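Worksheet: one structure, shown below.
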Amino acid sequence: MTADEFRQAIKLLRMSQAATARYLALSQRQIYRMVHGHAPVPAPVALLLRCMIVNKETPVVPPRVGKSY
């Protein structure tokens, strides 16, 4: 999955980069790097996102954990 395909996938799933990071249990920095093409999208992540889009699944994003300001 290319950076453009990854960006489009999270857009189709209506997730922000922060929500995508929480959903995939990755850092926001890692998501940023994948979105901008500085890091490859791991095959399992690409497969999961593609399956969710094809099956019209709605991601259940975990809530933020930590301090709220």
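Between K11 and V54, what FRET efficiency comes out of the Förster formula 1/(1 + (r/R0)^6) with R0 = 25 Å and r the beta carbon distance, rounded to 0.05?
It comes to 0.95.
For the chain, what are the per-bin percents of Cα-Cα distances with bins 10 Å wide, up to the bin holding the maximum?
21, 57, 19, 3
Using the crude model of +1 on Lys and Arg Cβ and -1 on Asp and Glu Cβ, and no other charge, please compute the dipole size for the chain relative to its Cα centre, in debye to 20.
Around 260 debye, computed over the chain.
What 222 nm value per residue comes from the helices of the chain, counting each DSSP H run with n ≥ 4 as -39,500 (n - 2.57) and dividing by all residues, nearest 500 deg cm²/dmol?
So the helix-based figure for the chain works out to -16000 deg cm²/dmol.
Calculate, for the chain, the solvent-accessible area per residue in square angstrom, rolling a 1.4 angstrom probe over the heavy atoms of the protein chains.
Dividing the accessible area of the chain by its residue count gives 74 Å².
Counting only protein heavy atoms and a 1.4 Å probe, tell me what percentage of the chain's accessible area is made up of carbon and sulfur.
Working: 2840 of 5090 Å².
Within the chain, the accessible surface is 56 percent carbon and sulfur.
The values are calculated or read from the model by the stated rules, or taken from the named source; none is laboratory data. Owing to the predicted nature of the structure, the values given are computational and were not obtained by experimental measurement. Using ideal geometry, Cβ is built from the backbone for each residue, glycine included, and neighbour counts are taken over all protein chains shown. Calculation scope for accessible area: heavy atoms of the full protein, side chains included, ligands and nucleic acids excluded. Shrake-Rupley method; radii C 1.70, N 1.55, O 1.52, S 1.80 Å.
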